[in-house]
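Data first, discussion second: the structure below is written as structure tokens.
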Amino acid sequence: LRTPLSIIQGNLEAMMDGVLPPNLEEIASLHDETMLLGRLIEDLHTLSIAEAGQLDLELIDTDILALLRQTIANFQPAAKELDITLKSSLPESCPALKLDYDRTCQIVQNLISNALRYTPPSGTITVQVSLDERAVLLDISDTGRGISPDDLPHIFDRFFRGDKSRNRSRGGSGIGLAIVRQLIQAQGGKVDVKSPVLVRDDGSGYGSCFTLTFPLT
């Protein structure tokens, strides 16, 4: 929160002192910072009420396949711009799940955004759904660099950042995965991560796979 607020305050003071011209370009930059600040505040609010068990959920019969198709379509332009292949492997049908549609969209969006952030150009992100007798399993996997063994146990902790050198243009606030865990648990499911999931020719591992488990009730 401190970084965008400092930028807004500093630029406004520079405008008031006549050092920085109050033109449309500078105003647009300040607007971007306020939008970032708003997203951070909303994320913190969501996380706090979820951890307190006060999250209001509207659980309705949800077609998870239709939700995924729409979400993937929404991310295709961003993936294309980054030269990343975003693909899916979905069954022809799937039982309806009692889910909060908007919160489930938020979960999937967070995981795909995270995968886009850490997958290099020419890489691939795959969204896959499978079923067993008790649950619907949703895998979101990537061909990124993977998560280090030291970071893996903390990946869902609030404010944890595995890449300490990551800047704001490349990374988020460090609470996206914490929100994912809270939102899926609030709906009776769970999230797990495995990394690495792929092996290079030299034997080194890479890639990550986040698995969401939605129980059939």
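For I64, the conditions (1) in contact with a Pro (Cβ under 8 Å, 6 or more places away or on another chain); (2) under 30 Å from S88 (Cα atoms) are fulfilled apart from (1). For the residues L12, L30, L36, the requirement of being out of contact with any Phe, Trp or Tyr (no Cβ under 9 Å at 6 or more places or on another chain), over 23 Å from Y101 (Cβ atoms) and surrounded by fewer than 15 Cβ atoms within 10 Å (Cβ to Cβ) singles out L12. Looking only at residues in segment 39-54 that are within 18 Å of the chain's Cα centre (by Cα) and β-branched (V, I, T), which one is most open to solvent (accessible area, probe 1.4 Å)? Here the answer is I41. When segment 177-211 is filtered for residues that are under 30 Å from L37 (Cβ atoms) and either open to solvent by 30 Å² or more (accessible area, probe 1.4 Å) or free of Cβ contacts under 8 Å to residues at least 24 places away in the same chain (or both), the ones remaining, listed by number, are R181, Q182, Q185, A186, V193. Would you confirm whether or not segment 18-32 contains a residue that is modelled with pLDDT under 85 and out of contact with any His (no Cβ under 6 Å at 6 or more places or on another chain)? Checking segment 18-32: not a single residue is modelled with pLDDT under 85 and out of contact with any His (no Cβ under 6 Å at 6 or more places or on another chain).
Residue-wise test of (1) over 24 Å from Q187 (Cα atoms); (2) open to solvent by less than 10 Å² (accessible area, probe 1.4 Å); (3) more than 14 Å from the chain's Cα centre (by Cα).
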| residue | (1), (2), (3) |
| --- | --- |
| D56 | no, no, yes |
| I60 | no, no, yes |
| L65 | no, yes, yes |
| Y118 | yes, no, no |
| S130 | no, no, yes |
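The values are calculated or read from the model by the stated rules, or taken from the named source; none is laboratory data. As the structure is a computational prediction, the values presented were derived from the model and not from experiment. Here Cβ is always computed from backbone atoms with ideal geometry, including for glycine, and neighbour counts include all displayed protein chains. Each accessible area value is taken on the protein alone, full model and side chains, heavy atoms only, with ligands, DNA and RNA left out. Shrake-Rupley method; radii C 1.70, N 1.55, O 1.52, S 1.80 Å.
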